[in-house]
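These notes are about the structure you will find just below.
The values are calculated or read from the model by the stated rules, or taken from the named source; none is laboratory data. Predicted model, so just to flag it, every value in this text is computed and none were measured. No Cβ is skipped: glycine too gets one built from the backbone with ideal geometry, and neighbour counts run over all protein chains shown.
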Amino acid sequence: MNILNIVFKDLKIIIKNKMVLILLLVMPVLMIALMGYALKPVFEIEDKIEKFEILYSNEDRGELGKNFYNYLKNEGKDLFNVNSINTEKIEGKISDEKYNIAIVVLNTHTQYEANVENTTIKIISSGRNPVEEAVVTSFIKTYTQAVNRGIGLAKIHQENTEDSELIINTILHDTQTKYGMTFVKSQQIDKGITNNITSYQFFATSMLIFFLLTSGMGLGGDLIDDRENKTFKRIHSFPIKQREYLIGKIIGNGFISIIQAIFIMLFARWLFKVEWGNQMGGLFLIVILIIFISSALGVIFSSLFNSSKALTSAMTVFIWLMTFVSGGFTVSPIGIFEKFTINKWAFDGIIRLIKGNSLIDIWVNLTILIIIATILWVIGVTLYNRRKTYE
Amino acid sequence: MIKIRNLIKRYGQNIAVDNINLDIYKGEIFGLLGPNGAGKSTTINMICGLLKIDQGEVILDGINIQENPLEAKKRLGLVPQEIAIFDTLTAKENITFFGKLSGLRGNLLKERVDEALEFVGLSHSSNEIPKKFSGGMKRRLNIACALVHHPKLIVMDEPTVGIDAQSRKHILDSICKLNKMGSTIIYTSHYIEEVQSICNRIAIIDHGRLVACGTKNELKNLVSKEEKIIVEVIDFNYNFLEELKIITGVKDADFHNGILGIITSNAQNILQDVLFILSNNNVVIKSVKMIEPDLESVFLSLTGRSLRD
């Protein structure tokens, strides 16, 4: 019951202090807004090639001519706009600098391909735009490789079966129908933790961790104030155990921190459209671990300093430094030093959860945070007990 | 009510409390008198279970404070020397908080909080925060927080430090009232007049040692032959003190705020010599009076130094 008395007293004191309450809740949102907006370009680099215009002349009226045209229209629709033109006019259009590149399919195309002769799809380039040239060359290369392999396989099949009636397209179609395109698959592995997240997601997470870590200052400052104002001594002249007092303080401070975390998450979602993913349980677990770590830091610092102002200054420097090293402010962590920060492990864990990973996927992060919390609490409790706070 | 046996507290090589033995009886106001740093607060902190006892024991209402501190503390109300209240909580919220810590709940808690506020004369300011209070009001609230649970023993550590005369009188009257209501009170102060006026028995502590203990008269009897000559003077030079101190029969002399005080075993005999030295040095004498020994002179006699040293 004494624990609850301490909790309610502390909550009452904080609620009465409107300025502190506003700072606790508004500051993180302001920081997310400012930093998220300022560093937005870093997260949203436009790396797509703008759609461009190409000239196209198809003199082949056969099966493969149509096939290539369909490939061009369907697969190339996101890359370029196809402008059909007579072959004779191509040179002039390119010289006029209206177009940089043209594709010409010769009128013997189908015949040559069907007979497995060598043939060429011509790429006429102005030389003015190497990017467009590279895109079209790669596009055509993909097509020719697929068609050439298909024709080769069909030819071998035709020789083995001695079936002179078989035509290449039928063989290709039958093969695809039977086996699909499942022999070799490509998979993109996203190794960069900050890939595919928005600047607001980054800073909402970073600031959530930063402000939760600073919450320990409240606890540490309170412990010092109680000691200096002699309210600590007075409280212990009543029938209350030291651990009841400390647990009450931690719960009171933790409750405020949880409210702060919920506020940050809700407002970040509402104002900046920050998606927090579906792993709310995992997020809550990391938030609790950070609060636990922060409380331990508060207890440790309160044992080292004799004024709450000195504690606030020291803890602010410590947490700012840690956040800076972990890249929490700048997006660029400082080498391997980031691995020695609490922020790094908490941040990685939260971002992975946001990206849809499960708790098992972040077991390393959780384990490290639990180890840090345990070590800090052992130090904190030892220092707390060693300091003869009544005297 | 309290038995203190062979109480010792050390800080490194320094002995803050040196083998103190005391019995404080139920229903008395017991004064602990001594200058700053004499060991009063250390003794009180050990009595209240706030400080580890190096040696000896404190038995409060039959309970050993070291063996069962929580049970002993239920019988205790401490008024610390410092104003130990929460500045951002109202007077009522402060008292309620400490009332809850002592185990009070519900209607009984409300009644006791109102009663404590009434007792210290803060009912009209119950919903105000102490930041707006005067020094005296804060002191009274400091006391109210210790009374809310009706403790059998109230320990007051210099409760009147730094307040105006009116608030001091209010507090001293309240202490007497509490005592009449049945509370045992331990009162520490270095204001000799306060201790003299309200305490039934007094212990004099100096350098951590118990120098003497007894009623006012018992203490005065320890130095019964000493009297004090008080001379109100103008143009007094501190150098004259040495001349006065060498008069046969003068035990001590001091000068403070225009008042010359001379402690002697026979005031009648040396008065003439004192006046002669003063007039020889052209000191203007405004008034002269002779008084019997008080606690100040008792303290001086027993410890060799003044309470204000």
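Quick one: would you say B:LYS245 is loosely packed, with under 15 Cβ neighbours inside 10 Å, free of Cβ contacts under 8 Å to residues at least 12 places away in the same chain, of a type in the set (D, E, K, R) and over 22 Å from B:ASP157 (Cα atoms)? Write out each step before concluding.
On the way: loosely packed, with under 15 Cβ neighbours inside 10 Å: yes; free of Cβ contacts under 8 Å to residues at least 12 places away in the same chain: yes; of a type in the set (D, E, K, R): yes; over 22 Å from B:ASP157 (Cα atoms): yes.
In short, yes.
Results for (1) under 30 Å from A:VAL20 (Cβ atoms); (2) within 12 Å of chain A (Cβ to nearest Cβ); (3) of a type in the set (A, V, I, L, M, F, W, C), shown as yes or no for each residue.
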residue	(1), (2), (3)
B:PHE97	yes, yes, yes
B:GLY106	no, no, no
B:GLU128	yes, no, no
B:ARG139	yes, no, no
B:ALA144	yes, no, yes
B:PRO151	no, yes, no
B:GLY162	yes, no, no
B:GLN166	no, no, no
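In this structure, is B:ILE285 aliphatic (A, V, I, L, M) and outside any loop (DSSP other than H, G, I, E, B)? Spelling it out, B:ILE285 is indeed aliphatic (A, V, I, L, M) and outside any loop (DSSP other than H, G, I, E, B). Within the option set A:LYS16, A:LYS9, being in contact with a helix residue (DSSP H, G or I) (Cβ under 8 Å, 6 or more places away or on another chain), at pLDDT 85 or above, charged (D, E, K, R) and not assigned by TED's automatic domain parsing to the domain that holds A:LYS122 holds for one residue only, A:LYS9. Can you work out which of the residues in the stretch A:224-238 that are within 7 Å of chain B (Cβ to nearest Cβ) and within 20 Å of A:LEU311 (Cβ to Cβ) is surrounded by the most Cβ atoms within 10 Å (Cβ to Cβ)? The selected residue is A:THR231.
Quick test for you: out of A:SER313, A:SER308, pick the one residue that is over 29 Å from the mean Cα position of the chain (by Cα) and without any contact (Cβ under 8 Å) to a residue 40 or more places away in the chain. Show your work before the answer.
Working: A:SER308 fails: without any contact (Cβ under 8 Å) to a residue 40 or more places away in the chain.
Just a single option satisfies the conditions, and that option is A:SER313.
Among residues belonging to the stretch A:260-283 that are in contact (Cβ under 8 Å) with a residue 60 or more places away in the chain and more than 17 Å from the chain's Cα centre (by Cα), point out the one that is surrounded by the most Cβ atoms within 10 Å (Cβ to Cβ). Within the stretch A:260-283, the match that is surrounded by the most Cβ atoms within 10 Å (Cβ to Cβ) is A:ILE264. Set side by side, the residues B:GLY34, B:GLY99, B:GLY77 differ, and just one is among the small types (Gly, Ala, Ser), at pLDDT below 90 and either within 22 Å of B:ASN127 (Cβ to Cβ) or under 17 Å from the mean Cα position of the chain (by Cα) (or both), which is B:GLY34.
Considering the stretch B:71-84, and only residues there that are at the interface with chain A (Cβ under 7 Å from one of its Cβ atoms) and farther than 15 Å from A:ILE240 by Cβ, the residue that is surrounded by the most Cβ atoms within 10 Å (Cβ to Cβ) turns out to be B:PRO80.
Residues satisfying the criterion are absent from the stretch B:240-253 (criterion: modelled with pLDDT of 85 or more, closer than 30 Å to B:LYS169 by Cα and touching a helix residue (DSSP H, G or I) at 6+ places or on another chain (Cβ under 7 Å)). Could you tell me whether B:LEU147 is surrounded by 21 or more Cβ atoms within 10 Å (Cβ to Cβ) and either modelled with pLDDT under 90 or touching a strand residue (DSSP E or B) at 6+ places or on another chain (Cβ under 8 Å) (or both)? Criteria met by B:LEU147. Yes or no: B:LYS216 within 30 Å of B:GLY249 (Cβ to Cβ), in contact (Cβ under 8 Å) with a residue 60 or more places away in the chain and touching a Ser or Thr at 6+ places or on another chain (Cβ under 8 Å)? No; evaluated as a whole, the condition is false for this residue. Scanning the stretch A:15-55 for residues that are outside any loop (DSSP other than H, G, I, E, B) and more than 28 Å from A:GLY328 (Cα to Cα) yields a count of 7.
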